[in-house]
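Structure, as structure tokens:
Every number in this text was worked out from the coordinates using simple rules, so none of it is lab data. Small disclaimer: the values here were computed from a predicted structure and weren't measured. Here the Cβ is made from the backbone with ideal geometry for all residues, glycine too, and neighbour counts use every protein chain on show.
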Amino acid sequence: MTMYTSAYPLTSPLPSSPAPRPAPEPWRFRPDVEGLRAVAILLVVGADAGVRGLHGGHVGVDVFFVISGYLLTAGLLQRLEDQRRISLRRYYAVRMIRLLPAVAVVLPVTLTAAWWWLPPTMLHSLGHDALAAALGFINYRPAGPSPVQHFWAVAVTEQVALAWPILVILASLIWLRGTASHRWTAVALGVLGIASFALCIGLGPSASPQSRAWEFAAGGLIAPAARRLVRLGVRPAVFLAFTGVVTIVLAAVFTGARTGAGWTTLWPVAGAALVVAAGCADPRRGIVRLLEKAPMRELGRLSYGWYLWHWPVLVIAPYALGRPLSPTGRLVPAALALLLASVSLVAVENRLRLVVREKLWFGPALTAVPVLAAVLALALPLPAVRAVPVAVAAPDFGLPGAARLRQLIAAGATASALPAVPRPRLGAAATDYPHDGDCLAPAGVRSISYGIGMGCERRGFAGGATTVVLFGDSHAQSWYDALDVVAQQRKWRIVVLVKSNCGAPAGQIAATPDTGCDTWRDEVFLRIAELNPAMVVMSSLHHGLAPAGVAGDPNRAWAAGWLATVQRIKAIGARPVLIEDSPFPRTNVLTCLAAHPQAIRSCNPTRAAAVNTGRQRAIRTMAGANGVQVIDTTPWFCTATVCPAVVGGTLVYRDTNHITSSYSQLLGGVLGKELPG
């Protein structure tokens, strides 16, 4: 009998349990994080390009902060584990190689394009902004609308990164134990995060590293927990990542145009932290798989450069084209910025990194490039004024005439929603100060030497043969940007003599008596006599105030104070011109706009409440009897019934009573029509 044997067993073996999924390395390259960067930059660029529904897209910056906190901490912990030490020299060299090449390309190119296309009235402040951006402190500069204002986020990142290794070293007790302590690192980051968040809530919207460090700490806390998070199940990881991305997108849709840190920032920060934490488990499914797709990773790789390029291109494009851009048309310069980011990365940034690698001297050497460009921009004489298209859309830097301004005010009175990209942005409006170089002398200063020391006698057109003095309090200073527009056109030198709580009318007018006002005002008159200006332009807060110690009709007393001042100026030989005070909203308009972005009509003060017509009549009567020109500014702010808070996409007020520098600049055209040549 023939026996046959089989190569296979006659009985099936017991089913074996599936091999366990190997735990991912905690410090591996994270393609999902690259994809998350893509989500963040798409939100930021979409918001700035005016994409409908993405008013709050600037939460993408908060996502970047969380990612940076995670990567910084994870990299430092990895070095501690592998090498038992952190080389600060290597750390700072790597950070500079990462951040500075793009800055060295974008800032000089932006300054060149601005010099060619932007109105000359914007160039002086832009030079200062670019210098602050190059040196990494633009977040502390009260900058108005500028093609480089978005560099505040880069400055915050640089400042936080500067201190981060010190925090990790101290928390890990590296010098005493020679090892990385994840537990104490987490404790230190937790304490820092709580303190920073409390500071953020207490101070309100801020671009300081102290009030933004909690966002970095939220990402940093994930790194010490990475070895536990890698064991997270696939389904929980997929769910957490999906929840995180949805939270970020919903924050971009529903938080409005607010860009400052605060309670609303919790949502994008929490969402980003969930995505980063879930990705530690490397689930390769669901939303994580989408984030790891090649297009998302490529966008993430270009996100830093795209962020730096997109805003200058969006600001300058309307001037280069000579016409406003439609919402759809704004997508074209946004796409151009992405192309520029790709070209600069391949052609310049990567080449520099390959050549220099980890040399510490590279940072200061590369910083010198944009610094020199900014200094050169400040040193060169301003180009001749070119015509500015009136109809440029938001951000609208055009200079409308009286008829067009009335149309914009009428439209603003009936508008219901805050513009997608107002000028300035809502989060920056509170610091949209006059661009006179901080010439407002503090209330306690009693001498004009403060302004002279600040260079406030050399404003306006450099080297102008005609001198014009701007004299008064902070409300007079608010007219600086409008007056500077005229000065650049007519080649006037402006001398700024302004002091907080000290108006131009003779007599004490401050709510709190300050004997330094009379002394300061007398010095102003002496200096005006020395300067021999052609004109003295004056304005002062007058709503609700009266000369101290004056009995009787405060309006007549106020007019008498103005009369004493204009008589002294006439005796000097200069021509006095009074600019009527701007409307006084009484409440903080920015707070109202932030609370009611879809119902901004409720933030418009009524003309009856905001304009002191009795005082206006008294001043006009005095001026008419003495041959003094008074410029009626109320039609530049109000309809017959209301004074809109937003006109032509520009925020009018920065607090309860001061106008924004942006709106003042917008009024340069109408002011020029009123001022004598």
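Structure notes:
- Label-to-label distance, nm, for residues given as ARG458 and SER342 (7 Å Cα→Cβ offset): 4.6 nm
- Computed lengthening from THR641 to LEU321, 0.36 nm per intervening residue step minus Cα-Cα distance: 111.5 nm
- Only helices reaching 24 angstrom along their own axis (Cα) with mean Kyte-Doolittle hydropathy no lower than 0.5 count here, and for the DSSP H runs of the chain these are 31-48, 59-83, 88-117, 152-172, 182-203, 234-254, 362-379.
- Between ASP655 and LEU378, the contour length at 0.36 nm per residue exceeds the alpha carbon distance by 96.7 nm.
- Between LEU170 and ARG620, the FRET efficiency estimated from the beta carbon spacing at R0 = 60 angstrom works out to 0.35.
- Dividing the mean sequence gap of close Cα pairs (under 8 Å, 6+ apart) by how many residues segment 227-349 holds gives a relative contact order of 27 percent.
- Among beta bridges that DSSP assigns inside the chain, antiparallel share in %, nearest 5: 25 percent
- Label-to-label distance for THR328 and THR243 is 4.1 nm, based on points extended 7 Å past Cα in the beta-carbon direction.
- Calculated FRET efficiency for the pair ARG89/LEU135, C-beta based, R₀ 30 Å, to 0.05: 0.90
- Spin-label model, GLN567 to ALA195: label points 7 Å out along the Cα-to-beta-carbon direction sit 6.1 nm apart.
- Cleavage-rule hits (trypsin sites (Lys or Arg not before Pro)) in segment 344-375: DSSP loop, at most 12 neighbouring Cβ within 10 angstrom: ARG357
- For segment 183-222, projected area of the alpha-carbon convex hull averaged over all directions, nm²: 2.4 nm²
- Among the listed values [x] 31.7; [y] 38.8; [z] 35.9, the one computed from these coordinates for mean projected area of the Cα convex hull in nm² is [y].
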